[in-house]
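The values are calculated or read from the model by the stated rules, or taken from the named source; none is laboratory data. What you see is a predicted model; the values in this text were computed from it and never measured. Here Cβ is always computed from backbone atoms with ideal geometry, including for glycine, and neighbour counts include all displayed protein chains.
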């Protein structure tokens with residue numbers, strides 16, 4: 001009898017977690033996490049790119065690399081902002 005009750009409780013917990021995950025709020029939480037994580041990874045990649053091109057500081061290529069990095073940062077910022085607006089996370 002105790003095993004049957006424990007099994008039922010586990011199933012109820014799993015069912016509850018499933019309902020929460022597949023609800024609109026669960027989808028919004030997942031989207032917020034995904035957007036935040038993707039934005040952080042993109043910014044980290046841009047930081048790595050800036051360090052990798054730091055050798056060009058005193059060369060004619062420096063403005064090209066700086067503009068590329070600045071454009072990338074703006075693109076990441078605007079993309080994350082648009083995704084948050086689409087999901088109404090603001």
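Side notes on the structure shown:
- Within the range 46-57, the set of residues being free of Cβ contacts under 8 Å to residues at least 24 places away in the same chain, surrounded by 12 or more Cβ atoms within 10 Å (Cβ to Cβ) and assigned to a helix (DSSP H, G or I) comprises 47, 49, 50, 56.
- If you filter the range 20-41 down to residues that are in contact with a helix residue (DSSP H, G or I) (Cβ under 6 Å, 6 or more places away or on another chain) and either outside any helix (DSSP H, G or I) or modelled with pLDDT of 80 or more (or both), you find that the one that is farthest from residue 87 (Cα to Cα) is 39.
- Residue within the range 1-19 that is assigned to a helix (DSSP H, G or I) and either at pLDDT 90 or above or in contact with a helix residue (DSSP H, G or I) (Cβ under 6 Å, 6 or more places away or on another chain) (or both) present: no
- For residue 89, the stated conditions hold: it is out of contact with any strand residue (DSSP E or B) (no Cβ under 9 Å at 6 or more places or on another chain), touching a residue at least 60 places away in the same chain (Cβ under 8 Å) and closer than 27 Å to residue 33 by Cα.
- For the range 58-88, the set of residues classified as surrounded by 14 or more Cβ atoms within 10 Å (Cβ to Cβ) and assigned to a loop (DSSP other than H, G, I, E, B) consists of 87 only.
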